[in-house]
Amino acid sequence: MSLFESDKSAQRLPVSLITGFLGSGKTTLLNRLLRHDGMKDSAVIINEYGEVGLDHLLVERVDGEVAVLASGCICCTIRSDLEQTLRDLLVKRDRGEVPPFRRILVETTGLADPAPIVQLLLNNPLVSHFLRLDTVVTTVDAVNAPHQLDRQYEAVKQVALADRLLITKRDLVENIATLELRLRRLNPGARIESVSHGEIDPAQLFGAGLIDPELKKIDVERWLNERAFAESHAHAGHSHHDHHGHHDHGHPDHDASIASFMLAFDEPLDWMAVTRWLAYLRNARGEDLLRVKGILNLRGEPTPIVIHGVHHVFHPPVALGAWADSDRRSRIVFITRGIARAEVLELWQAVRAAA
């Protein structure tokens, strides 16, 4: 009998978050996406209709907050808070007041920190029972991003939390190699796509979750992108995260403070030790734990256990139905601010020794 609840994400509606700095093309992207046939059964939550310029797509207003677009998509504005808006939308769907939808897209304001929204989806029982986080998409403006990443920690954080990084205004910049390298260093696990005028196949953008609900199978490689972390570690050698200042690259300390790494363990782990280790990290350094996700092989558990957190808020650990392949290692990806790999590993060894 497992201590852990079994994973029910395949039954929950996927929510994708579209974030990115002011003027980086989130609205253009949304407008294009909603024209794709495969996106007809989407509900979109935005800050206000005016910003998104969806007027030409509107058919009728159902009421003050919800509009149905010509394409069949539903569009609503964030009311008092996102949790309430999500719950209202689900109630309206269940009552038949709006067309049924199979996914939700949430567009944040340009300066928004995506972390609270991710936390809401990971560990708010009123929301996470019905919905699951699918993808965090961050739009990155090829023209202005270098300057924004230098000046604004929010822009760096939006990149660090992403599953997909979308370089927009690609046509206005001759060479984006330096920007790509910088993004890859901040977040090796995110897939980078380039778009012009918001045009991209939704299949390339969404579906970053651990479970592929269409195929009903686990895709660890897609979720953790372990290969990217291994390559990043190899390139870094002693890793640029081990020294501070970092002015030799012309970037300020925002970049230098972000560390992205993966820890892998061959032998099955003790759950009590893992819990203590993560609890200590959360309590002592929660603000600096930007994102943690992992698949664990625990002593006494026949199937893998999944952990996923942002800052100090973690999704309750769940048991998957089976291992996806013969690889039984525990693998945990960390994206942190100012916490080096050696520090996290040292703490694990101390906790394990104490246990």
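The values are calculated or read from the model by the stated rules, or taken from the named source; none is laboratory data. These figures come from a predicted structure and were not determined experimentally. All Cβ positions, glycine included, derive from the backbone under ideal geometry; neighbour counts span all protein chains shown. Side chains included, ligands, DNA and RNA excluded: accessible areas come from the protein's heavy atoms. Shrake-Rupley method; radii C 1.70, N 1.55, O 1.52, S 1.80 Å.
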*asked:* Just to confirm, what accessible area per residue do you get for the chain at 1.4 Å probe, in whole Å²?
replied: 44
*Charge dipole of the chain about the Cα centre (unit charges at C-beta), most positive-ward option of Gly300, Pro125, Tyr280*: Gly300
*Evaluate the Kirkwood expression for the hydrodynamic radius of the stretch 157-212, namely the inverse of the mean inverse distance over all pairs of different C-alpha atoms, and round to one decimal in Å.*
12.2
_Please compute the modelled spin-label separation between Leu172 and Thr109, points set 7 Å along Cα→Cβ, answer in nm with one decimal._
2.3
*Please state the relative contact order of the stretch 152-201 as a whole percent: Cα pairs under 8 Å, 6+ residues apart?*
50
_Protection proxy ranking of 317-325, 19-27 - average other beta-carbon atoms within 10 Å, highest first_ = 19-27, 317-325
*Once every DSSP H run of n ≥ 4 in the chain is given -39500 (n - 2.57) and the sum is divided by its residues, what mean residue ellipticity at 222 nm do you get, rounded to the nearest 500 deg cm²/dmol?*
-9000 deg cm²/dmol
*Keeping the other protein chains in place, figure out the carbon and sulfur percent of the accessible area of the chain, with a 1.4 Å probe.*
52
*Considering only lysines 8 or more places apart in sequence, or on different chains, count the pairs in the chain whose C-alpha atoms sit under 21 Å apart.*
11
*Expressed in nm to one decimal, what extension gain is obtained for the pair Ser6 and Ala322 from 0.36 nm per residue of sequence separation less their Cα-Cα distance?*
112.7 nm
*Out of every Cα-Cα pair in the chain, what percent are more than 28 Å apart?*
44
